[in-house]
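The values are calculated or read from the model by the stated rules, or taken from the named source; none is laboratory data. What you see is a predicted model, and the numbers here were worked out from it, not measured in a lab. Using ideal geometry, Cβ is built from the backbone for each residue, glycine included, and neighbour counts are taken over all protein chains shown. In case anyone asks, the SASA skips ligands and DNA or RNA and just uses the protein heavy atoms, side chains included. Shrake-Rupley method; radii C 1.70, N 1.55, O 1.52, S 1.80 Å.
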Amino acid sequence: MTDRTNIRGRWAGAACFFANGFMIGSWAPQIPELAERFSLSETQLGLLILVFGIGGVSAMPVSGMLIGAFGTRPLLRLSAILLPTAFLAVILAPSLPLLVAMLALFGAMLGAMDVSMNANAVLVERRLGRAIMSSAHGFWSLGGFVGAGAGGLLLEANGYVFHAVTVGVAAIALAVIAWPHLLLERRPVLEDRGKMRLPRNPAIYLVGIITLFCMAPEGAVLDWAALYLREEMGASIAVASLAFTAFSGAMALMRFAGDGLRNRFGAVRMLRISGVLAVVGMIGAGLATSPAVAIFAFALTGLGIANMVPIAFSAAGNQPGISSSAGMSVATTIGYSGLLVAPSLIGYVAEHTGFQVVYLGLAGLLALVVLLAQIVAPADQILAQAAE
């Protein structure tokens, strides 16, 4: 396998991360339009989003089994085409029952693509002998930024159908361009092909818990930071929106720098440094006395959290004695299961205690990640596996 082929595979994988983030970003401005079109209450909309999440989490372990049997490339190719197709089906659904079914399919394709593109990124790391996972997730963040920003303008100017068709076609075109260059495992078929068994190595479940502890704070900032500034600090809507903007901007920048830092310091040390930054940022957000301080604290949190999930995913895909597909499916399932439950749980706690307690509690979860950082040591084995 030539270096040129591996580099092309690396950029093809990055294109898939961008496309996946682009579709999630494009979905965001469609949500209020969908709620208005079907006259959905907040409770009904929450249940629909829950269907979307359940579809994604349910598909992840199945995706691991399929990747173990056939390799990452076939599933990544298929899901990269079916994800924007399912998105179109959701937006064009003429009835509520069909909308529910298409949302479940949309979530399932998102889950399948998430597992396969992360497992493929592990393969690229092994072939290149260096970290690329953080920058891959950086392209995901960039795709989400483009999808949400351009999508809102496009939808407002031309309507929801034109927006859905345009972004769907764009995502499919990007996937087709990436198709020929995606890497494929040299030994994709496992001895236990067709059997769906949970890994016996307990370390992979600890990696999954670390993934959960890293993803829950990310979801808490995404879903609740603006409301925190608005309701508890009296910030205007424009100022309150800067909380997630600062968080996501800092995260995207650090993810593109993360691979170089990880190659220099190693995964374990990088996770510890990142975790400490995230803990300090989250404590700062919880104790903030003004919107400006909170926004700065959320930016610091974004710098810290940025590379924690990519490192955890890399560790999951490099666990000894476990295929990358099995490790990745466990980590993503546990991590995203937390994101499915966390928003409603955080809302319930915040209603009774306030968001300050929530963010201080999440700082505690991130502190546990710092203490458990040695668990991600397998992510440092990519140099030894480069000749695979």
Quick one: ILE334 ticks every box in (1) part of a helix (DSSP H, G or I); (2) over 30 Å from ILE67 (Cα atoms); (3) open to solvent by 10 Å² or more (accessible area, probe 1.4 Å) bar one, so which box is it? (2)
So if I check each of LEU371, LEU300, LEU366, which one is buried (at least 24 other Cβ atoms within 10 Å of the Cβ) and modelled with pLDDT of 95 or more? LEU366
Suppose we keep only residues that are at pLDDT 80 or above and over 16 Å from PHE162 (Cα atoms) within region 26-43. Which one would you say is most open to solvent (accessible area, probe 1.4 Å)? GLU36
Looking only at residues that are under 21 Å from ASN118 (Cβ atoms) and out of contact with any Gly (no Cβ under 9 Å at 6 or more places or on another chain) in region 44-67, which one is most open to solvent (accessible area, probe 1.4 Å)? LEU66
What is the residue count in region 211-240 for residues that are in contact (Cβ under 8 Å) with a residue 40 or more places away in the chain and either among the hydrophobic types (A, V, I, L, M, F, W, C) or closer than 17 Å to ALA299 by Cα (or both)? 20
Suppose we filter ALA108, ALA104 for residues that are buried (at least 23 other Cβ atoms within 10 Å of the Cβ) and in contact (Cβ under 8 Å) with a residue 24 or more places away in the chain; which single one remains? ALA108
Selected residue (criterion: most open to solvent (accessible area, probe 1.4 Å)) from residues of region 235-293 that are more than 21 Å from the chain's Cα centre (by Cα) and among the charged types (D, E, K, R): ARG264
Scope region 156-171; condition β-branched (Val, Ile, Thr) and open to solvent by 50 Å² or more (accessible area, probe 1.4 Å); matching residues: VAL161, VAL165, THR166, VAL169
